[in-house]
There are 2 protein chains.
Amino acid sequence: MEDFIFGTLSTDESRIAHLRLQRGGVTHAHQRSPHDPLPDQAIQIDLTVGPSYAYNQAWIYWTNDGSDPDGKNGIALNGYATSLEPIDSEWDTLLWGYLRRFRGEIPGQRAGTVVRYRVSAGNKDEETLADDGAYYAFYVDNDPPPAWAQDAIIYQIFADRFFSPSSDFPKIEAKPSLKSNGTLRGIIEKLDYIAELGTNCLWLTPIFPSPSYHGYDATSFFEINPRLGTKEDFKKLIEQAQARGMRILMDFVPNHWSNQHPSFIEATQNRNGQYFNWYTFEHWPDQYKCFFTSRGLPQINLRYAPARKHVLDAAKYWLEFGADGYRVDYCIGPTPDFYGDFRQATRTSKPDSWTFGEAVDPPDSQLTFEGGMDGALDFMLLEAMRKTYAFGRWNARQFGEFLDRHEAYFPATFTRPSFLDNHDMNRFLWVAGGDIRKLKLAALCQFTLAGAPVIYYGTEVGLSQHDDVMQHGRAIHEEARLPMIWGEAQDRELFNFYQDLISLRKKHSALRSGTRTTIFSDEKILVYRRSDGEESLVTVLNVSEQEVSFELELAESASAFATGPECKVQAAGGQKRIFLPPFGGIVLQ
Amino acid sequence: MEDFIFGTLSTDESRIAHLRLQRGGVTHAHQRSPHDPLPDQAIQIDLTVGPSYAYNQAWIYWTNDGSDPDGKNGIALNGYATSLEPIDSEWDTLLWGYLRRFRGEIPGQRAGTVVRYRVSAGNKDEETLADDGAYYAFYVDNDPPPAWAQDAIIYQIFADRFFSPSSDFPKIEAKPSLKSNGTLRGIIEKLDYIAELGTNCLWLTPIFPSPSYHGYDATSFFEINPRLGTKEDFKKLIEQAQARGMRILMDFVPNHWSNQHPSFIEATQNRNGQYFNWYTFEHWPDQYKCFFTSRGLPQINLRYAPARKHVLDAAKYWLEFGADGYRVDYCIGPTPDFYGDFRQATRTSKPDSWTFGEAVDPPDSQLTFEGGMDGALDFMLLEAMRKTYAFGRWNARQFGEFLDRHEAYFPATFTRPSFLDNHDMNRFLWVAGGDIRKLKLAALCQFTLAGAPVIYYGTEVGLSQHDDVMQHGRAIHEEARLPMIWGEAQDRELFNFYQDLISLRKKHSALRSGTRTTIFSDEKILVYRRSDGEESLVTVLNVSEQEVSFELELAESASAFATGPECKVQAAGGQKRIFLPPFGGIVLQ
């Protein structure tokens, strides 16, 4: 079975085409340093010009008052124009030609400023805007991720699928058989369950009004889906969660919404109306930019100031309402400059809010969101963990080597929530063939790495699927979104395992914020240490079907956690002998 | 017509395969800084390890006594072992994985040392030598290219095709009709002709004994082909050339020689004999490494010390005999460490010798010869000049932009002799459809750029071809190697043009060693300035079928050279009005 994760760059052809386009064009593509500038810190802007562009000049047009920069041939028509200078050239064997690299600087700005900019290159007769005319923006402030993000343990709730109290039941409209009847009051009723599990942060899939059960096609960004409840319910949920020490992250979809959204209906009926420019009509009223080819999901034109303001107002509204941050759906969709404003909006309405993106993209693309958000869901780690622990395609050493390189690639300030699965792919337990040992080992690994772990609802009690998500070449996502199981259906032993794992992470700061070093790996075994100033813990994972017994020189000696009672450690001075069953793991302190 | 120049990386498929192999493997590939270290200067060695290698350690094994380094897992078995440390990781979209980069240092060495090294990466169970086990070497000395290289104007003589005095004629064996009967005495007899032209350096295609007319398949590296003459003739040629201020470069082919070479015959007859290891037999006696698939050209095993010594002795022999340097044929063929020894051999036998390679390869490959030789024939410039001036596929601006990037890519100390054609491709005049204007403009450009210009024999008097080199998918190189024309057959007007061009270059140091700046370009016109501390000259090229007239702000005002009398300049203060006919060019001082 192929793992169904990666979208736009899933084939060799698409990857080569992407490289050709990016390296062959007039390309800025977020080559900005730093990505997230501090007040008064100058920002270096880089541009590459591909072999087929005979351009010897380049410019940045920029503003610091929120308006759109404009300019031509190095002359600003709004804002400022700054020259880039050629710094070197680079040979590209794929394109069989030289790239020219330009560099320039935007001077340091005051805290609170949104700098919006475009980059261009040309010669005296011609000028081409970088990246098809993309606008970029960054927000200037000293605003690292909130401290609580490092400590977060996230429980992802698919709102419709979680729980419906019997009192809510009559209110719910009929839905197809696969679907559930979850409500906000249902979540409130199960907060004690979640508190018992131990997670300290909820991520709710979209709860705005929507014609679908999943909510990724909102008809309003300012209301609650009546099927799920009311604003009062949501307020109560926030309060009740807070009372249990839990924060709430909302799912935010700035790229698109439903074609039933009133503004879209109005735009298709009146091309002179106020909403026409909220969309990008290629041919009015029936052809418009949308999410891939989904005509039911028109793309919001975030370059149009009123539409942008509307979306940003929504982002501010819910933070002020009481939410703690956002998981931003399909974050590669919006124009890049949106994130300068989004950062300003989220940081000013709630300075300690936490935002991270969903970019089903490789690391270089993930990193472009640095500064616009606090991080991104760690899709590369997801792929690596599934390859290793579920599919057995990578051995322990390959996974360890991946971890080393992956962690070296990202700055520590870029938060990367980790996950084993989500609502868009087969559940981990399903792809692991129902093998609970593999799930436990993967979870142990997940919880001993730096990224804030996300548990997809039900994983903690063995919820799996009836069938594969991919059926006859079509994705049937409902398979990965089965109703939450309760009572007898739950695997309580697994629940206890997750409870202990969460306690472990909560207890040890080194697991949340310590540095990680691989100290041993071979085909079966991976051993790494996490340590901060206070303490150090060693995780030992047996990624094989064989029982293993081996010695390691370790200062750590006591078992802080184990996947099962067969995992043992014997100490004889510094030398430790470790016994692990197949797919067993242990944490030593 | 496709221009027939590039070989091994001529298709997209081959380029992508090359990138996959290089970035996906354990790769050093000459990532050394500096390439050409000074005495006591430490040398940084880089290595990348592709996604599929789970390696967390890397080492350099090296010697400084000429012997082969040897080692395993960081322990030297001969010479020294030095650890490389992981420095960062790099995402690669083509390979869809991370590369890990390692870096280490070889300490500075005394002048005159050859450092030989290999690089490897591994983990505790496995070790892989970089680049399929390649040996590398560099020679430590403060030895920039000789000063005369900057002033060289090279005349390339295909020895068999140039001139045969009537007294030599009876001695020459019969050869196919296309072939000529050139001899060394013929060249001596024509030295006055060459002196009249004005070039100050001869490059002779191979003159060693060989069964072929072209000589790229020697049967001895220490004799002169009797068909061409004797050692006495060659000695006399050197003396007579020197008397006219000319130096002599020989064509040297270290990679392979003829299967008629006595050592090869012996090796195929006696697998226990002393010559068996001079070759790489895959299956003795009939399968062996050779030049591409040419079984007539067995590859010399330069990793075998006696074979290497033999080749190096030849390199020393002819420098001591009186030659001034080498054009090294197919320089990508020999093992990389050969060039450490080659450098030592050439620099110690003749400190001011000049050596440059023939690598029909892109710039990144050219640069790997830095330190081993003084430079490489500029194949990228060749391709660009033919594209622009002969084929009209690049306009003036595109060519100017190429020049900027190309020159920015190479260090100034890396000599890049320029040429419009050679014996392996269609002559320039042929691909220019016989249009002398295009040849003149290209030559003007060539002679006003930094690289030492090479004139392929006959180009100066309009020698062209009967037919295309590529016929029915086969290369008939003889077409580009027609006998030199003499007397009435010569285009004397073109000869005078070349004479003037050579005088121009000789007169103006700025054209040989000044910096170059593009000061104007559009689709038709390219203008650049060369200037050193002493003087500055501006070259103006009209790369179009149209007459042009335009104004430029220039300090330079007087015509120092023009492709024809229609080229004019009118001065009115700083503003100059320039008139150029189609494919006309002018140099202003």
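General observations
- Based on C-alpha pairs under 8 angstrom that are at least 6 apart in sequence, chain A has a relative contact order of 10 percent.
- The stretch A:200-319: proportion of alpha-carbon pairs further apart than 18 angstrom, %: 54 percent
- With all protein chains kept in place, the per residue accessible area of the stretch B:410-548 amounts to 35 square angstrom at a probe of 1.4 angstrom.
- B:Ser531 accessible area, 1.4 Å probe, all protein chains in place, Å² to nearest 10: 40 Å²
- Simple label model, 7 Å out from Cα along Cβ direction - A:Asp364 to A:Met470, nm: 2.5 nm
- Set A:Lys387/B:Lys72; A:Lys190/A:Lys440; A:Lys190/A:Lys438; B:Lys387/B:Lys440; A:Lys236/A:Lys316; B:Lys438/B:Lys576 screened for pairs whose C-alpha atoms are more than 22 Å apart: A:Lys387/B:Lys72; A:Lys190/A:Lys440; A:Lys190/A:Lys438; B:Lys438/B:Lys576
- Order by protection proxy (mean Cβ within 10 Å, highest first), peptides A:324-337, A:184-197, B:315-328: A:324-337, B:315-328, A:184-197
- Cα-centre dipole for the stretch B:211-252 with unit charges at Cβ (Lys and Arg positive, Asp and Glu negative), debye to 20: 200 debye
- Solvent accessible area, Å² - A:Thr230, 1.4 Å probe, full protein context: 60 Å²
- Under Karplus coefficients 6.51, -1.76 and 1.60, residue-wise ³J(HN,Hα) of the stretch B:273-284 in Hz, glycine/proline x: x, 5, 9, 3, 7, 6, 10, 10, 7, 7, 8, 6
- log₁₀ of I(q)/I(0) at q = 0.09, 0.14, 0.18 Å⁻¹ - the stretch B:246-395, Debye sum with one point per alpha carbon: -0.34, -0.74, -1.06
- Dipole magnitude for chain A: computed about the Cα centre from +1 point charges on Lys and Arg Cβ and -1 point charges on Asp and Glu Cβ, it is near 540 debye.
- Computed label-point distance, nm, for sites A:Arg271 and B:Ala195 using a 7 Å Cα→Cβ extension: 8.3 nm
- Flagged links, alpha-carbon separation over 22 Å, of A:Lys524/A:Lys568; A:Lys309/A:Lys350; A:Lys235/A:Lys350; B:Lys231/B:Lys350; A:Lys124/B:Lys507: A:Lys124/B:Lys507
- Top positive-direction residue, dipole computed over chain B with Cβ charges, set B:Trp318, B:Ala442, B:Thr459: B:Trp318
- Its Cα gyration tensor gives the stretch B:110-161 an equivalent ellipsoid, and the semi-axes of that ellipsoid, as √(5λ) in whole Å with the largest first, are 40, 19, 9.
- Inter-copy separations for B:Glu282, label at 7 Å along Cα-Cβ, nm, ascending: 5.1
- Value of relative contact order over the stretch B:439-589, rounded to a whole percent, pairs C-alpha under 8 Å and six or more apart: 20 percent
- Length-normalised contact order for the stretch B:247-364 - Cα pairs under 8 Å, 6+ apart - percent: 29 percent
- A:Glu547-B:Phe495 FRET efficiency (beta carbon distance; Förster radius 56 Å; 0.05 resolution): 0.05
- Paired Rg and Dmax values of the stretch A:267-346, which use every Cα atom, in angstrom: 13.8, 41
- For the chain pair B and A, the buried solvent-accessible surface (1.4 Å probe, both sides summed) amounts to about 3800 Å².
- Beta bridges assigned by DSSP with both partners in chain A are antiparallel in approximately 75 percent of cases.
- Chain A's nearest residue to the axis relating it to B, judged by Cβ and reported with the distance in whole Å, is A:Ile16, 3.
- For A:Asp313, inter-copy label distances in nm, listed shortest first [label point 7 Å out on the Cα-Cβ vector]: 9.1
- The stretch A:1-111 - Rg (one decimal) and Dmax (whole number), Cα, Å: 17.1, 56
- Rg [Å, one decimal], Dmax [Å, integer] - the stretch A:430-574, C-alpha atoms: 17.4, 58
- For the residues A:Ile106, A:Ile16, a 1.4 Å probe over the protein chains yields an accessible-area ranking, largest first, of A:Ile16, A:Ile106.
- Interchain or long-range residues, amide H under 5 Å from B:Leu202's placed H: B:Tyr155, B:Arg247, B:Ile248, B:Leu249
- Taking only alpha carbon atoms, chain A gives an Rg to Rh ratio of 0.98, where Rh is the Kirkwood radius.
- Ordered from highest to lowest accessible area with the whole protein assembly present and a 1.4 Å probe, A:His18, A:His423 read as A:His18, A:His423.
- With all protein chains in place and a 1.4 Å probe, the accessible surface of the protein assembly as shown carries 48 percent carbon and sulfur.
- Packing-based order for A:305-311, A:507-513, using average beta carbon neighbours within 10 Å, highest first: A:507-513, A:305-311
- Each listed q (0.21, 0.25, 0.28, 0.29 Å⁻¹) maps to a log10 I(q)/I(0) for the stretch B:15-66, found by the Debye formula over equal Cα scatterers with no solvent: -0.88, -1.04, -1.14, -1.18.
- FRET efficiency for B:Ser294 and A:Thr230, using Cβ-Cβ distance with R0 set to 60 Å, rounded to 0.05: 0.10
- Shielded residues, the stretch B:406-421 - accessible-area loss of 20 Å² or more between chain alone and all protein chains, probe 1.4 Å: B:Ala408, B:Tyr409
- A simple count of charges around B:Ala510, restricted to other residues whose Cβ falls under 14 Å of its Cβ and scoring Lys, Arg +1 and Asp, Glu -1, yields +2.
- Shown for A:Ser513: label points 7 Å from Cα along the beta-carbon vector, and their distances to the equivalent points in the other copies, 6.1 nm in ascending order.
- Expected 222 nm ellipticity per residue - DSSP helices of 4 or more, -39500 (n - 2.57), all of chain B, to 500: -7000 deg cm²/dmol
- Taking all protein chains as shown and a probe of 1.4 angstrom, B:Ser557 keeps an accessible surface of around 50 Å².
- The mean count of C-beta atoms from other chains within 10 Å of the C-beta of residues in B:90-102, rounded to a whole number, is 5.
- Evaluated at q = 0.09 Å⁻¹: base-10 log I(q)/I(0), Debye formula over Cα of the protein assembly as shown: -1.14
- Exposure rank, largest accessible area first [B:Ile207, A:Ile87; 1.4 Å]: A:Ile87, B:Ile207
- The loop-placed GluC sites (Glu not before Pro) in the stretch A:470-577, going by DSSP, that have at most 16 neighbouring Cβ atoms within 10 Å of their Cβ come out as A:Glu523, A:Glu534, A:Glu535, A:Glu545, A:Glu547, A:Glu566.
The values are calculated or read from the model by the stated rules, or taken from the named source; none is laboratory data. Here the structure is a predicted model, which is why all the values come from computation and not from measurement. Backbone-built Cβ (ideal geometry, glycine too); neighbour counts: all protein chains shown. These area figures cover heavy atoms from the full protein model, side chains too; ligands, DNA and RNA do not enter into them. Shrake-Rupley method; radii C 1.70, N 1.55, O 1.52, S 1.80 Å.
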